[in-house]
Amino acid sequence: MAHPYMPNSTAEAKARMLAYVGVDDVEELFEQIPADHVSRSGNGLAPGIRSEATLRRRVRTLVDRNDDCVGNLSFLGAGTWQHHVPAVVDEIVGRSEFLTPVWGTPSSDLGRNQAWFEYASMLGELLGMDFVGLPVYSWGAAAGNALRMAARLTGRGEVVVPASISPERLAVIRTYCGLAEGNQPIAVRLVDVDPATGCVDVSALALDADTAAVYLETPNHLGVVETATAAIAAACRANGTETVLGVDPVSLGLLAAPGDLGADIVVGSTQPLGVHLHAGGGVGGFIATRDEERYAREYPTLQVSLAETVRGERTFGMALFHQTSYGSREDGNDWTGNSVYLWTVANAVYMALLGPEGFAELGRTILSNARYAAGRVAEVDGVEVRWPDSFFKEFVVDLTATGRTVAEVNAGLREHGIFGGKDLSADFPWLGQSALFCVTEIHTADDIDHLVQALKEVLS
């Protein structure tokens, strides 16, 4: 009998497949896996449920055990952020023309290619850059790709990264840069943060002839806006070093565009641009540069270009396809996979809905809400907000003086239906018992007052 979800799982079907590939047993297909890596015990899972109604009830029971950011008030950020997603974004992304197609012909892919082109055009305008590739899996993947691009461009072997970076993003960057004992590794050197400002300690950059790139983020992982970005970019250019700048795109309605700050390569997350919070899949990371051939030739990602047909009609198609792993496999600039191209449609719809004035209004709203929240939280006895004058939507709340750990406080907030800030104590011990709180346009004054009252009760 076939498994209820896999019609080709009958014994006869398996026998035909094994005969076709010329093996007698399925174990032969996995002989390269070491024996001590293979579990021989059962996985404890029940057989497939054949009744759709029973299966739906079972899954619903499992899902209902979760606490989500809809039924609870959340101040979590640190990599994925809760922003409002307009209903029209979901409506368009869910259309079958975008949701289900795979590669077709240039004519059948015209609408999707145009949506991709508009995504790149609008994001490029927001960033102050001219050349934008289709997104990779995440911000970390984009940063890793960008640093490898910089190493290829300069022929150098070291990149400088701020110590304030997200540990997850740093781990991805280290993976992309390779092991020290590996083939042509790129050394990753961390530069300290000035504890008085939360910004990179410019005096510790120590650029030299082997520095391929300096990677900065503004706002950085601790929410602080870097104030010396333009000066650092100028110093990098004088040293023949590439400046790779990571940004939160929703901050650009208020903050200067990366292109205006002198960035060479810009990366970041596309998740704030109309993508819901979710787990188990990529949320999108963009790469953008100036429209110069030396940069274009180093992209590992797909590019969409505007062109004319022989009849003078406008069309959209792939450019530089051959230099990707799609076109050249292992001979491509870098491996490109884990496609998140559906989110470019969401991003394009979101950016088109907001427009320049919408981004400015969004930025002002987030900044106003976050400043109000930081001010109210700082009123709680024993609580300190670090760097209260230089953050955008995330800020560090130091609970050390309360005598309570972040874990204890967050557990207490959970009893009030609140997800507290991201615990920073393990990753940044120099900050003591601190948490990273995120406030966006979705948070109201009542939400923030509720948080403050809950904090007071938890700490009393």
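The values are calculated or read from the model by the stated rules, or taken from the named source; none is laboratory data. From a predicted model like this one, the values you see are computed outputs, not experimental measurements. Here Cβ is always computed from backbone atoms with ideal geometry, including for glycine, and neighbour counts include all displayed protein chains.
Just to be sure, is Thr80 of a type in the set (Ser, Thr, Tyr) and closer than 30 Å to Asp423 by Cβ? Judged against the criteria, Thr80 is a match. Based on what the data block shows, is Gly327 small (Gly, Ala, Ser) and assigned by TED's automatic domain parsing to the domain that holds Asp130? Considered against the rule, which asks whether it is small (Gly, Ala, Ser) and assigned by TED's automatic domain parsing to the domain that holds Asp130, Gly327 comes out as yes.
Identify the residue in segment 51-86 that is hydrophobic (A, V, I, L, M, F, W, C) and without any contact (Cβ under 8 Å) to a residue 24 or more places away in the chain and, among all such residues, is nearest to Val409 (Cα to Cα).
Val70
Taking (1) surrounded by 20 or more Cβ atoms within 10 Å (Cβ to Cβ); (2) touching a Lys or Arg at 6+ places or on another chain (Cβ under 7 Å); (3) over 30 Å from Gln184 (Cα atoms) in turn, Trp139 satisfies each apart from (3). Residues that are of a type in the set (A, V, I, L, M, F, W, C), in contact with a strand residue (DSSP E or B) (Cβ under 7 Å, 6 or more places away or on another chain) and in a loop (DSSP other than H, G, I, E, B) within segment 173-200 comprise Ile186, Cys199, listed in sequence order. Could you tell me whether segment 209-226 includes any residue that is surrounded by fewer than 21 Cβ atoms within 10 Å (Cβ to Cβ) and assigned to a strand (DSSP E or B)? No, there is no match, as no residue in segment 209-226 is surrounded by fewer than 21 Cβ atoms within 10 Å (Cβ to Cβ) and assigned to a strand (DSSP E or B). Kindly indicate which of Ala352, Ala373 is in contact with a His (Cβ under 9 Å, 6 or more places away or on another chain), in contact (Cβ under 8 Å) with a residue 40 or more places away in the chain and assigned to a helix (DSSP H, G or I). None of the others qualify; the one that does is Ala373.
Look through Gly79, Gly111, Gly157 and report the one residue that is touching a helix residue (DSSP H, G or I) at 6+ places or on another chain (Cβ under 9 Å), assigned by TED's automatic domain parsing to the domain that holds Phe391 and surrounded by fewer than 21 Cβ atoms within 10 Å (Cβ to Cβ). Explain how you work it out, then say what you get.
Values: Gly111 fails: assigned by TED's automatic domain parsing to the domain that holds Phe391; Gly157 fails: assigned by TED's automatic domain parsing to the domain that holds Phe391.
Every option except Gly79 fails the conditions.
Out of (1) closer than 18 Å to Leu222 by Cα; (2) in contact (Cβ under 8 Å) with a residue 40 or more places away in the chain, the odd one out for Phe359 is which? The one condition Phe359 does not meet is (1). Determine if segment 242-255 includes at least one residue that is over 30 Å from Tyr341 (Cα atoms), touching a residue at least 24 places away in the same chain (Cβ under 8 Å) and in a loop (DSSP other than H, G, I, E, B). No, every residue in segment 242-255 fails to be over 30 Å from Tyr341 (Cα atoms), touching a residue at least 24 places away in the same chain (Cβ under 8 Å) and in a loop (DSSP other than H, G, I, E, B).
For Phe419, the stated conditions do not hold, so it cannot be described as buried (at least 21 other Cβ atoms within 10 Å of the Cβ), in contact (Cβ under 8 Å) with a residue 40 or more places away in the chain and within 24 Å of Asn220 (Cα to Cα).
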